[in-house]
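These notes are about the structure you will find just below.
The values are calculated or read from the model by the stated rules, or taken from the named source; none is laboratory data. Source: prediction; values computed, not measured. Virtual Cβ from ideal backbone geometry, glycine too; neighbours counted across all protein chains shown. SASA here: full protein model, heavy atoms, side chains in, ligands and nucleic acids out. Shrake-Rupley method; radii C 1.70, N 1.55, O 1.52, S 1.80 Å.
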Amino acid sequence: MDINVIGGGPGGLYSSILLKKANPDWDITVYERDPADNTYGWGIVFSGSTLSALREADYKTHQEITDRFARWDPIDIHYQREHIRCGGHRFAGLMRSDLKDILRERANELGVEMHWNHNVEAPEQYADETDLLIGADGLKSVTRDAWEDQFKPRVRMGNAKFAWFGTEKPFDVFTFIFRENEHGFWRVHAYPGRKSTFIVECTEATWANAGLDEKDEAEAHAYFEELFADHLESYSLESKLYTWRNFPIVKNRTWSHENVVLIGDAAHTAHFSIGAGTKMAMEDAIALYEGFEEHDGDVQGAMNWYEKERRPGSMRFRRHRNRVASISRTPSAILTSTQNNSRSIF
């Protein structure tokens, strides 16, 4: 069997690994528009249940991933002078760049053919020459766009603005910080790693009041380093790609058509405060692989199995995601929402 994969992120690479490991005689080729060592994200978080699934799917990558983990249990919430700690969770995380290195090396070891700096402009050609085309090409999926009439995608932008930063400050647990100043209300979502991830989120009005539409990267860093000085403790912020975005809510009527299937953010999104898009993409890859195992290599049967297995979980995340993608304007409402969501993260 021949399989083409558009997208060399964790979802695309992990799909290739699982299918190639189970079927060494299959020809699997990955096409990625960015360089092999390029990554824009910071940390990636996995829950205990996700780690169990990764261990069962491919023990070797699971072992290499867990060897690089930072692990923690509680969730901390800071609001005004109040500090709330919620225990009883199991989380672990690593740098996105480390995960990509692990998956790329494993794919190469198994014989997956990989093409980097390869921009796909006509996915139809890649579908015509193969038995299966996997669209793992993210939020701005060219695969989804090429079959728009069949997938019937709906993309809606949330109201909240957010930006991703990194910091050497060693946060030891999931940390939610709520802060109000003269410009409005802010929320920080920070978590551990070799470098900690530090996500700042706010309303459109707060973002505009702070003049962030006119501030450059250095000015934005200075603004938040001062605003959250008590938590950053003189540590600085840094960006890989400084930009403010609204969270995109992606839905598709179907995730497959003929010999084309969507996984990860191309098919669905999950807000970063209730679930990691990376972990969901890798779980999609597991379900697609299991579909082939259940249906003895039949493409249509595998795609049907995958969507049947994964869509209910995506719907559950969607209900939570829609609440947090449009951030409330009142501090108490946001705090209540975060406390509720903390019980259902991942």
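Values computed for the structure shown
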item	result
Sequence of ASP98, ASP216, ASP296 from largest to smallest accessible area, 1.4 Å probe	ASP296, ASP216, ASP98
Pair-distance profile P(r), taking every C-alpha pair of region 1-120, with 5 angstrom steps and integer %	2, 10, 19, 19, 16, 12, 8, 5, 4, 2, 1, 0, 0
Radius of gyration and Dmax over the Cα atoms of region 222-300, both given in Å	19.3, 58
Region 1-150 - percent relative contact order, Cα under 8 Å, separation 6 or more	39
Inverse of mean 1/r across different Cα pairs in region 22-87, Kirkwood, Å	16.0
Estimated 222 nm signal from helices in the chain, with DSSP H stretches of n ≥ 4 weighted -39500 (n - 2.57), rounded to 500	-12000 deg cm²/dmol
Relative contact order %, the chain, counting alpha carbon pairs below 8 Å whose residues are six or more apart	21
Tensor-based shape of region 152-201 (alpha-carbon gyration tensor, a/c under 1.5 rounded, otherwise prolate or oblate)	oblate
Leading residue at positive end of dipole, the chain (Cβ point charges), from ALA266, PRO248, MET95	PRO248
Projected area averaged over orientations for region 157-305, convex hull of C-alpha atoms, nm²	10.7
For region 57-114, accessible area per residue (1.4 Å probe, heavy atoms of protein chains only), Å²	51
Size of charge dipole - region 129-169 - debye, nearest 20, with Cβ of Lys, Arg +1 and Asp, Glu -1, no other charges	480
Relative contact order (%) - region 120-265, alpha-carbon pairs under 8 angstrom, separation at least six	36
Size-normalised alpha-carbon gyration radius of the chain, reference 2.2 N^0.38 Å	1.00
Across LYS161/LYS215; LYS20/LYS140; LYS140/LYS161; LYS100/LYS240; LYS195/LYS240; LYS251/LYS308, pairs whose alpha-carbon gap is larger than 23 Å	LYS20/LYS140
Net +/- balance of residues flanking ALA70 in space, Cβ distance below 10 Å, scoring K and R +1, D and E -1	+2
Fraction in percent of alpha-carbon pairs per bin - 5 Å, region 28-186	1, 6, 11, 14, 15, 16, 14, 10, 7, 4, 1, 0, 0
Loop-located chymotrypsin sites (Phe, Trp or Tyr not before Pro) in region 39-137 whose Cβ has at most 15 other Cβ within 10 Å (DSSP)	TYR40, TRP116
Of all accessible heavy-atom area on the chain, the percent that carbon and sulfur account for (1.4 Å)	43
Anisotropy class of region 183-255 from Cα gyration tensor, a/c 1.5 cut	oblate
